[in-house]
1. Return a yes/no flag: does segment 131-151 have any residue that is modelled with pLDDT of 80 or more and touching a Ser or Thr at 6+ places or on another chain (Cβ under 7 Å).
2. Restricting the search to segment 672-688, which residues are over 17 Å from Ile616 (Cα atoms), among the hydrophobic types (A, V, I, L, M, F, W, C) and either more than 31 Å from the chain's Cα centre (by Cα) or in a strand (DSSP E or B) (or both)?
3. Is it fair to say Gly757 is modelled with pLDDT under 90, more than 31 Å from the chain's Cα centre (by Cα) and more than 20 Å from Glu407 (Cα to Cα)?
4. Looking only at segment 439-451, count every residue that is farther than 25 Å from Phe88 by Cβ and surrounded by fewer than 21 Cβ atoms within 10 Å (Cβ to Cβ) and tell me the total.
5. Can you tell which of Tyr119, Tyr96 is modelled with pLDDT of 80 or more and aromatic (Phe, Trp, Tyr)?
6. Have a look at Asp270, Asp240, Asp261 and point out the one that is exposed (fewer than 15 other Cβ atoms within 10 Å of the Cβ), modelled with pLDDT of 85 or more and out of contact with any Gly (no Cβ under 8 Å at 6 or more places or on another chain).
7. Residues that are in contact with a Ser or Thr (Cβ under 8 Å, 6 or more places away or on another chain), aromatic (Phe, Trp, Tyr) and outside any helix (DSSP H, G or I): does segment 31-49 have at least one?
8. Would you mention how many residues in segment 1-17 are modelled with pLDDT under 90 and under 19 Å from Leu104 (Cβ atoms)?
Amino acid sequence: MHPSENGARADLIEVAVALPVYATFTYQVPPALLPAIGAGIRVLVPFGRRRVTAYVLKTAARPPDAALKSIAAVLDDQPIFPPSMIAFFEWIADYYIHPLGEVLQTGLPAGINTTERTYYALSDTGQKELATRTLAPPQQAVFQRLAQGPCRLIELRRLAGASFPKTALKTWEQKQWVVRQDALIDGRTRPKTTRFVLPGPPLDPGGRLSPVRQTILAVLKDKGPIGLDELKTLVPTAADVVRAMARDNQVVLEQRLVYRDPLGAPIMPDRPPTLSAEQQSALDTMSAALGRGYRAFLLAGVTGSGKTEVYLHMADKALQQGLSVLVLVPEIALISQIERAFRARFGQCVALLHSGLSDGERLDQWQRILRCEATIAVGARSAIFAPFERIGLIIVDEEHDDSYKQEGALHYNARDLAVVRAQQHGAVAILGSATPSLQSAYNALNGKFQKISLFERVEQRAMPRIVIEDLTAAREERGIRRHFMPALIEAMQETLARKEQVLLFLNRRGFSNVLVCAACGQVLRCARCDISLTYHQKTNAYLCHYCGFSRAAVASCGKCGSKRIKRLGIGTEQLESQVQQLFPHARLARLDRDTTRRKGALLKILKELRDRTIDILVGTQMVAKGHDYPHITLVGIICADLSLNLPDFRAGERTFQILAQVAGRAGRGRMPGRVILQTYNPTHFSITAAREQDYEMFYRQEIELRKALGYPPVTRMVQIRISGRDKTQVADYARRMAAAGLKIRQHRAFAALDLLGPIEAPLQRIADHYRWQLLIKHPRTDLLHQFVRLLLFGPDGTPGTKGASVTVDVDPLFLM
């Protein structure tokens with residue numbers, strides 16, 4: 001790594017540590033380690049009383065009056081990410097107001113960092129002293145555990161409780177009864193190696209070999225070097241035999257790096273179809289921008305218009321120019337379909353990056369990209385960090401989907417980061433959707449994106465005919481007839497008679513979502529959240545969908561003790577049961593989070609749907625996202641209103657998008673499709689716009705509401721959430737933060753800024769954490785960021801407090 005011209009020295013480096021600290025730090029590099037240092041390399045550094053993983057950013061100048069520490073070790077032979085990505089990581093840290101080291105840790109494969117752990121062990125002196133003393137029960141428990149061997153402080157605290165304070169352990173340490181031992185723990189995720197068998201030197205022609213050895217040599221002559229596991233499938237006794245052959249110098253054994261394969265069964269190559277005139281026009285416009293600097297396109301195409309084929313042609317043109325391609329999809333459920341399309345077209349140059357892979361598989365795919373063995377990456381939101389050096393095209397499919405927003409510690413939006421990364425690399429970004437987000441449509445109208453429309457389905461197939469059924473007519477019905485209007489039942493009978501497939505959509509999982517005591521009227525709620533429990537029939541339990549709390553379904557009312565619990569409402573589990581009663585001979589499947597928890601379960605259901613071994617598929621929003629199954633000709637939307645009345649200004653947008661998307665699953669093949677949309681609000685503009693599949697009509701009405709209320713996209717917003725276990729402490733801290741915000745807002749630069757709150761979050765308690773929030777709005781992003789930084793770190797801001805954590809969410813999507 002060469003020093004820059006700003007006074008930086010080759011033996012000084014600036015690093016970001018993988019800890020929640022906002023600053024970067026300068027370290028000295030011992031001369032022996034200088035050749036191994038470079039930007040993108042991980043190093044082990046002393047930090048306080050421990051050693052931690054840090055990421056090398058660049059060479060550094062010596063800070064004035066600073067005594068610098070030296071790095072302890074270099075952890076990588078090659079950079080773990082391209083140095084060209086450092087600016088991207090720094091932008092994320094700045095925009096989302098998040099520590100740079102944690103941004104890097106979020107973007108890199110999980111489980112690779114080295115950590116240091118402290119263990120406590122009993123000395124010989126301590127063994128003798130403590131064995132002869134009369135100890136209180138907590139001390140006795142700690143002594144007995146230490147006598148078994150070294151252990152961590154967290155285990156001792158769990159064993160003895162708060163009655164054995166940390167100061168007591170320090171006292172034992174000072175008396176040399178206990179010693180501290182620091183141990184480095186390598187990351188749990190490592191490259192995989194396997195033993196390979198190679199031909200040895202030429203053999204003596206006169207030598208005699210057993211038949212098994214002759215078979216092994218014949219295999220090596222035919223196949224060349226071969227993995228021992230593969231050889232054992234051909235020669236079951238190979239493991240023992242090759243060790244003897246290696247001793248006799250007949251073969252060579254060596255460890256080789258191999259990739260764990262997440263791709264599954266091979267896929268037959270396809271032949272690109274002829275594009276429609278609309279598709280070709282879109283392709284010509286966007287491909288002309290490749291390699292000519294940054295451009296962003298909003299590809300707004302109706303469902304079934306062939307956006308994926310346009311993506312494939314764009315990827316081909318990018319590869320022809322020697323550029324890499326990144327394809328983002330909102331959820332793992334969609335990756336299999338996009339992956340199949342790209343692997344069929346481009347073969348082995350496709351890598352996968354998503355949370356459904358094991359940590360080892362993800363590391364292998366990451367390394368394939370780093371080594372330029374893969375030039376296309378397909379993945380969910382975390383794939384935005386794919387380590388491409390020369391990226392030329394970024395595709396964001398179903399760009400409207402909320403799943404692109406990460407709700408972990410770092411609240412990033414992969415769709416927005418795709419645009420930023422394209423800007424930094426001079427690449428083309430394509431945001432595709434049949435129902436674009438209001439933000440993207442607004443950006444297109446303001447000239448930030450160029451909008452390209454596809455108005456027709458491929459092969460001029462008709463859009464599905466959508467019929468609205470008013471559920472208020474069934475209010476007095478009971479059982480199945482309350483959820484199935486006669487028109488839907490009749491349509492299902494006709495569809496099944498034609499040997500076609502039916503999709504039923506209900507965006508609520510479980511069996512019954514409202515549990516009420518018949519004796520006193522008390523609603524059964526989660527013990528840890530302010531949310532009602534949901535009954536799940538398969539597990540016969542009442543579950544919380546937020547924190548995972550569960551109670552046996554035989555539990556009684558917590559208020560009066562009655563066991564008469566009424567189960568009201570409907571979820572996909574009950575819907576599946578009712579459909580089975582209506583159509584006992586139909587082959588039925590359910591697609592929701594409950595049925596897809598096990599690895600491979602999702603792909604199994606989708607394959608059965610593709611192979612037409614499923615007649616009726618019941619599902620939540622997982623079935624609404626871009627799936628293309630040509631034999632689904634009927635979509636039934638059981639209740640279109642579930643998301644419409646949530647206390648969120650985006651409720652209307654989400655309702656329109658999900659209804660239009662799920663309706664678009666019908667009639668994507670040669671048979672025409674139809675949709676039965678059941679609703680209690682047949683005149684709501686989100687419902688009528690979805691019926692007409694008219695995005696422009698929806699946009700015109702919704703954007704006027706946003707302008708009137710001053711909500712995004714016409715302004716920008718930051719949410720600050722305060723949470724903790726102590727209800728009073730959290731409320732007090734939120735009020736103090738709001739008071740500090742009002743004081744800062746007195747500055748003339750922030751006079752036009754809106755500060756809303758503090759207020760309890762709509763879901764006031766989740767997992768025993770009480771939640772308050774502030775919303776800050778202003779059209780200018782730079783002023784918003786400046787205000788938030790002053791609020792968190794400035795002289796008039798609110799310093800952190802024990803027992804209340806603060807989360808900053810820039811451009812929040814979820815206000816619950």
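The values are calculated or read from the model by the stated rules, or taken from the named source; none is laboratory data. Being a predicted model, the structure only gives us computed values, none of them experimental. Positions of Cβ are backbone-derived with ideal geometry, glycine not excepted, and every protein chain shown enters the neighbour counts. Accessible surface areas use protein heavy atoms only, side chains included; no ligands, DNA or RNA. Shrake-Rupley method; radii C 1.70, N 1.55, O 1.52, S 1.80 Å.
1. Within segment 131-151 (the criterion being modelled with pLDDT of 80 or more and touching a Ser or Thr at 6+ places or on another chain (Cβ under 7 Å)), the answer is no, since none of the residues qualifies.
2. Within segment 672-688, Phe685 is the sole residue that qualifies.
3. Here the answer is no, as Gly757 does not meet what is asked.
4. 2
5. It is Tyr96.
6. Values: Asp270 fails: modelled with pLDDT of 85 or more; Asp261 fails: modelled with pLDDT of 85 or more.
Checking each option against the conditions leaves just Asp240.
7. no
8. 1
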